[in-house]
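Enquirer: Have a look at this one.
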Amino acid sequence: MQAKVLLLEDDRLFGETLVDFLEGEGYEVEHFLAAKPAIEAVYEYDGFDLYLLDVNVPDLNGFELLKQLRESGDMTPAIYITSARDKEALARGFHSGGDDYMKKPIDLDELLLRIEAQLRRRQGSGKIEVGKYLFDMERLVLYQDGEPVQLPRKLAELLGLLLKNRGEVVQTEEILREIYGEENPGTGVLRVYITKLKQLFGKESIRNIRGVGYCFDA
């Protein structure tokens, strides 16, 4: 699956250079010159695999932008690319939730290595292949061909729980407790959600162990 990168860089020429380089390496890149349209794209699309962020950009600096995203629960890997060279800026970058930090001028081959490292780390810890789909366990987002599949939040939580225990039976009571807490809606709602998951992954994807619970086998 082609990784999708959000690039925030107000230097148009440098930004276009990065876009050409990364697209030549097989990445899909969306380039933004200011913070406001970038953060709007994040909330609308919710499918970026990595952020490349300049710091001194219009609307909102890159540190504050990433801080807002982290506070909203967005843990997408982020690499700062900035001309700031002091230790205070470096510390602020990491404290705001940055995963890596590169000082301009940058070496493009080094940037590529850092991007690949961040994506490997994320894929190794948070994404699970399910047939033709990819499920992000951290963000509870299901993707097909790189595009997010719209799932109700509770349905995504159910899928995450079943995948976490893939191949094992999860008791009905545990499912209801994990997803709904004390607001138990009963098993009828759960059966509806199980049916929806079977429509996505196939009838044989989930076994119903009568009187016990469910097992995700796909």
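The values are calculated or read from the model by the stated rules, or taken from the named source; none is laboratory data. Here the structure is a predicted model, which means the values were calculated and not measured. Quick reminder, even Gly has a Cβ in these numbers, built from the backbone with ideal geometry, and neighbours come from all protein chains shown.
Enquirer: Name the residue that is surrounded by the fewest Cβ atoms within 10 Å (Cβ to Cβ), counting only residues in the range 68-78 that are out of contact with any helix residue (DSSP H, G or I) (no Cβ under 6 Å at 6 or more places or on another chain) and closer than 22 Å to residue 3 by Cβ.
Expert: It comes out as 73.
Enquirer: Which one of 97, 167 is at positive phi, in the same structural domain as residue 198 (by TED's automatic domain parsing) and either over 14 Å from the mean Cα position of the chain (by Cα) or without any contact (Cβ under 8 Å) to a residue 24 or more places away in the chain (or both)?
Expert: Among 97, 167, only 167 is at positive phi, in the same structural domain as residue 198 (by TED's automatic domain parsing) and either over 14 Å from the mean Cα position of the chain (by Cα) or without any contact (Cβ under 8 Å) to a residue 24 or more places away in the chain (or both).
Enquirer: Quick test for you: out of 29, 57, pick the one residue that is of a type in the set (A, V, I, L, M) and not in a strand (DSSP E or B).
Expert: 57
Enquirer: Counting just the residues of the range 176-186 that are out of contact with any helix residue (DSSP H, G or I) (no Cβ under 6 Å at 6 or more places or on another chain) and surrounded by 13 or more Cβ atoms within 10 Å (Cβ to Cβ), which one comes out farthest from residue 153 (Cα to Cα)?
Expert: So the residue we want is 176.
Quick grid of which residues meet (1) in contact with a Ser or Thr (Cβ under 6 Å, 6 or more places away or on another chain); (2) closer than 30 Å to residue 3 by Cβ; (3) modelled with pLDDT of 85 or more; (4) surrounded by 15 or more Cβ atoms within 10 Å (Cβ to Cβ):
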| residue | (1), (2), (3), (4) |
| --- | --- |
| 160 | no, yes, yes, yes |
| 171 | no, no, yes, no |
| 174 | no, no, yes, no |
| 192 | no, no, yes, no |
| 195 | no, no, yes, no |
| 203 | no, no, yes, no |
| 206 | no, yes, yes, yes |
| 212 | no, no, yes, no |
| 218 | yes, yes, no, yes |
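Enquirer: Any residue at all in the range 126-136 that's surrounded by fewer than 14 Cβ atoms within 10 Å (Cβ to Cβ), within 30 Å of residue 80 (Cα to Cα) and modelled with pLDDT under 90?
Expert: So far as the range 126-136 goes, yes, one or more of its residues are surrounded by fewer than 14 Cβ atoms within 10 Å (Cβ to Cβ), within 30 Å of residue 80 (Cα to Cα) and modelled with pLDDT under 90.
Enquirer: Any idea how many residues of the range 60-90 are part of a loop (DSSP other than H, G, I, E, B) and not small (Gly, Ala, Ser)?
Expert: 8
Enquirer: Still on this model: Taking the stated definitions as given, is residue 65 in contact with a His (Cβ under 6 Å, 6 or more places away or on another chain), within 30 Å of residue 153 (Cα to Cα) and surrounded by 15 or more Cβ atoms within 10 Å (Cβ to Cβ)?
Expert: So residue 65 fails the test.
Enquirer: Could you tell me which residue of the range 91-116 is nearest to residue 11 (Cα to Cα), considering only residues that are assigned to a loop (DSSP other than H, G, I, E, B) and acidic (Asp, Glu)?
Expert: Only one residue tops the list, namely 107.
Enquirer: Next up: Keeping to the range 22-39, report how many residues are out of contact with any Lys or Arg (no Cβ under 8 Å at 6 or more places or on another chain), more than 28 Å from residue 129 (Cβ to Cβ) and in contact (Cβ under 8 Å) with a residue 24 or more places away in the chain.
Expert: Residues meeting the conditions: 7.
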